[in-house]
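Below is one structure, written out as structure tokens, with a few remarks after it.
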């Protein structure tokens with residue numbers, strides 16, 4: 001993602017201050033494994049949960065907004081983000097794709113209108129190296145479905161008997177898949193499928209830069225891609 005963001009920034013004529021790899025070394029943006037960037041006075045973090053505390057501290061110390069695209073975050077990570085958001089602008093999202101974020105809105109609306117008698121299955125596939133499962137985007141879509149149902153749906157894995165009102169996940173890993181997500185609403189005799197396929201990482205970089213430019217100069221607080229896109 002560091003390389004993809006650097007390429008997208010160069011294409012857009014944006015100035016890049018520098019980057020950090022997974023070992024903490026300061027890099028040019030075309031070095032391997034670049035993960036942390038600054039763009040338009042905004043830190044862009046696509047790294048790993050273990051690196052998040054240091055990146056939040058760096059943003060707070062410099063008074064710089066930070067965009068967090070790292071997934072696999074736990075409640076303790078979100079508590080750190082909440083604390084940082086009291087001092088700087090923080091945009092945290094599981095997916096910076098414009099298409100995926102529009103999909104969350106469609107999923108929320110479908111869940112609101114269809115009711116709990118429609119089963120919800122969320123299927124995602126990523127490259128063989130992705131560790132967290134379900135993906136952050138799958139959980140984002142599940143949260144949207146849950147919101148559409150009034151916040152009462154229960155999240156479950158892919159095993160076991162389906163119960164009314166549940167939101168179930170299935171995760172597939174293999175090859176070099178950038179990210180496929182499908183939300184299936186199924187009831188007796190019919191089903192609705194809403195989905196998104198990422199063909200390359202460039203779409204995430206483009207969305208991240210759009211969000212970073214939007215975030216620059218914003219007051220302290222916690223923001224989401226929906227704020228960027230006006231959804």
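The values are calculated or read from the model by the stated rules, or taken from the named source; none is laboratory data. As the structure is a computational prediction, the values presented were derived from the model and not from experiment. Every residue, glycine among them, receives a Cβ derived from its backbone with ideal geometry; neighbour counts consider all protein chains shown.
I'm trying to understand the selection: among the residues of region 90-108, which are more than 17 Å from residue 205 (Cα to Cα) and touching a strand residue (DSSP E or B) at 6+ places or on another chain (Cβ under 6 Å)?
Keep residues of region 90-108 that are more than 17 Å from residue 205 (Cα to Cα), which gives 90, 103-108.
Within region 90-108, 90, 103, 106, 107 meet the criteria.
If you take the residues of region 135-154 that are touching a strand residue (DSSP E or B) at 6+ places or on another chain (Cβ under 7 Å) and buried (at least 17 other Cβ atoms within 10 Å of the Cβ), which of them is nearest to residue 92 (Cα to Cα)?
The initial filter retains those residues of region 135-154 that are touching a strand residue (DSSP E or B) at 6+ places or on another chain (Cβ under 7 Å), namely 135, 137-138, 141-142, 145-146, 153-154.
Cutting the leftovers down to buried (at least 17 other Cβ atoms within 10 Å of the Cβ) gives us 135, 137-138, 141-142, 145-146, 153.
Numbers: 135: 15, 137: 12, 138: 15, 141: 15, 142: 17, 145: 19, 146: 19, 153: 23 Å.
The residue in question is 137.
Within region 82-117, how many residues turn out to be farther than 27 Å from residue 198 by Cα and part of a loop (DSSP other than H, G, I, E, B)?
Of the residues in that region, 7 qualify.
Only one residue in 102, 114 is in contact (Cβ under 8 Å) with a residue 40 or more places away in the chain, assigned by TED's automatic domain parsing to the domain that holds residue 187 and over 19 Å from residue 188 (Cα atoms). Which one?
102
Grab the strands (runs of 3 or more DSSP E) fully contained in region 141-231, keeping just those with 3 or more residues being more than 30 Å from residue 7 (Cα to Cα).
154-156, 166-173, 179-187, 190-198
Considering each of 82, 119 in turn, give the residue that is within 19 Å of residue 221 (Cα to Cα) and either in the same structural domain as residue 144 (by TED's automatic domain parsing) or at pLDDT 95 or above (or both).
Values: 119 fails: within 19 Å of residue 221 (Cα to Cα).
It is 82.
Would a scan of region 197-205 turn up a residue that is in contact with a strand residue (DSSP E or B) (Cβ under 6 Å, 6 or more places away or on another chain), at pLDDT 90 or above and closer than 14 Å to residue 100 by Cβ? Write out each step before concluding.
Taking region 197-205 as the starting set, the residues that turn out to be in contact with a strand residue (DSSP E or B) (Cβ under 6 Å, 6 or more places away or on another chain) are 197-198.
If we keep only those that are at pLDDT 90 or above too, we end up with 197-198.
Adding the requirement that they be closer than 14 Å to residue 100 by Cβ leaves 197-198.
Yes: region 197-205 contains one or more residues that are in contact with a strand residue (DSSP E or B) (Cβ under 6 Å, 6 or more places away or on another chain), at pLDDT 90 or above and closer than 14 Å to residue 100 by Cβ.
Just a yes or no: is a residue in region 60-70 crowded, with 16+ Cβ neighbours inside 10 Å, in contact with a helix residue (DSSP H, G or I) (Cβ under 6 Å, 6 or more places away or on another chain), in a loop (DSSP other than H, G, I, E, B) and at pLDDT 95 or above?
Yes, the conditions are met somewhere in region 60-70.
Might you check whether a residue that is touching a strand residue (DSSP E or B) at 6+ places or on another chain (Cβ under 6 Å), touching a residue at least 40 places away in the same chain (Cβ under 8 Å), outside any loop (DSSP other than H, G, I, E, B) and closer than 17 Å to residue 169 by Cβ occurs anywhere in region 125-134?
Looking through region 125-134, at least one residue is touching a strand residue (DSSP E or B) at 6+ places or on another chain (Cβ under 6 Å), touching a residue at least 40 places away in the same chain (Cβ under 8 Å), outside any loop (DSSP other than H, G, I, E, B) and closer than 17 Å to residue 169 by Cβ.
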